[in-house]
Ligand code: FAD
């Protein structure tokens, strides 16, 4: 007789909302081995597993789930690492509900298998066991590759090529590696010790890392090309957009990038023990509805704000953030002001923000993104008190590399133009992938595109 199917995922143990808003510790606590094995046993072991197709880096999900069911955790994590150098990160922040879990056959009738949570469990189990295994590395082939940026895209190309015997050097503008994983996503969602661990793993493959090295300033791409056989650009999209409304130069107005960098990378939440100040505002308004906005709002709460608002011009169903993160924010007491558009920031006459003028919106016909277009309701202006605003409405790539690299084709939004299948740019010997090509996207999409670039570099250099 077939075993009965449990329709629900095993819930993720979490810190209670009242407790977690007072600390920066990780909210989700992870499965125990019992929970992980119970959850894994919900897998139907499909003959044609759709989940693998749903994973941008093609992890053999049924194989690692099977190892988990059998209790062979070492084999399970080894399976994942054949395709993914950042399992503890992806298990935490990947939008699995839009990828592997979305196409899980079980999800037609029940909740899908919690693939991300299982990936996280295995990665954490390996770290706790202290026996981190390094895959076999090919003998050195004498070819040198430079990687610009140490975010998920750069890390993926670096580890893929290092395993194939390339001499890889990664150049990072900041004083710590990891890209957005380090400076953007907060500690309570992705502990920095985990990112550091994954960066150490990449270094253990022989990858050299130069920090505080701004390509385009410290050395140009042209100069690097004289020394390296291939250049990969994974410089991300770190240039924040603003609303372009009056008052954005008032004190108390931040881009999410600055706000989160001050907190995560510069440890502003530990001020004065660390010397980066961060305004402890009482009433904070965050503009935007994506993951970045949720992270900024939840950070503001942990910094001690009395009231934190997400100001979003569409409704809840159009929020681009992961549902899990929206729910976490709601549980923690973030107030969502839907169908609201900020139009002006007002100061106290001495340069400090005190109020936001807003308009009420209603949803009209769908726009080019397929989402219903917000339309202003005439005469609906109102004032919202605020002493800090965090603008989280999007980012584009920094123009430094395009400006200093002649012949590098650039798209309308400042993104580097690269072939989708290979990552090759208009400059011979230069590849690019991740947010610098697509604009702000996801960790796994950056990794998937970076893997294609690594394959293309290998194909060309091994001829
Ligand atoms: P990045 O991670 O941006 O890394 C680029 C690196 O290049 C940076 O370290 C940068 O300092 C460096 N660099 C830039 N210019 C130079 C230069 N000239 N010289 C040398 N180095 C340079 N995605 C998810 O999947 N799930 C989430 O939950 C999620 N939450 C997010 C929350 C926040 C706050 C933010 C900002 C993003 C989030 N994302 C999330 C998006 C995800 O982090 C990015 O899509 C991903 O990091 C892109 O990877 P990347 O390697 O292309 O770029």
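Here, each number is a calculation from the coordinates, and none is a lab measurement. Just so we're clear, the structure is a prediction, and the values are computed from it rather than from any experiment.
Dividing the convex hull volume of the alpha carbon atoms of the range 337-384 by its residue count, what do you get in Å³ per residue?
Given the Cα convex hull of the range 337-384, per-residue volume reads 86 Å³.
Please label the shape of the range 1-152 as rounded, prolate or oblate, based on the square roots a ≥ b ≥ c of the eigenvalues of the alpha-carbon gyration tensor (a/c under 1.5 means rounded; beyond that, a/b larger than b/c means prolate, else oblate).
Oblate.
Per DSSP H run of at least 4 residues, take -39500 (n - 2.57); add these up for the chain, divide by its residues and hand me the 222 nm value, nearest 500 deg cm²/dmol.
-9500 deg cm²/dmol
Under the 0.36 nm per residue contour assumption, what length would be gained going from the current alpha-carbon distance of residue 378 and residue 200 to full extension?
The span from residue 378 to residue 200 would gain 58.5 nm if fully extended.
From the square roots a ≥ b ≥ c of the eigenvalues of the alpha-carbon gyration tensor of the chain, which class results: rounded (a/c under 1.5), prolate (a/b over b/c), or oblate?
Taking the square roots of the gyration eigenvalues as a ≥ b ≥ c, the chain is oblate.
I need the shape label for the range 142-182. Rule: rounded when a/c is under 1.5, else prolate if a/b > b/c, else oblate, with a, b, c from the alpha carbon gyration tensor.
prolate
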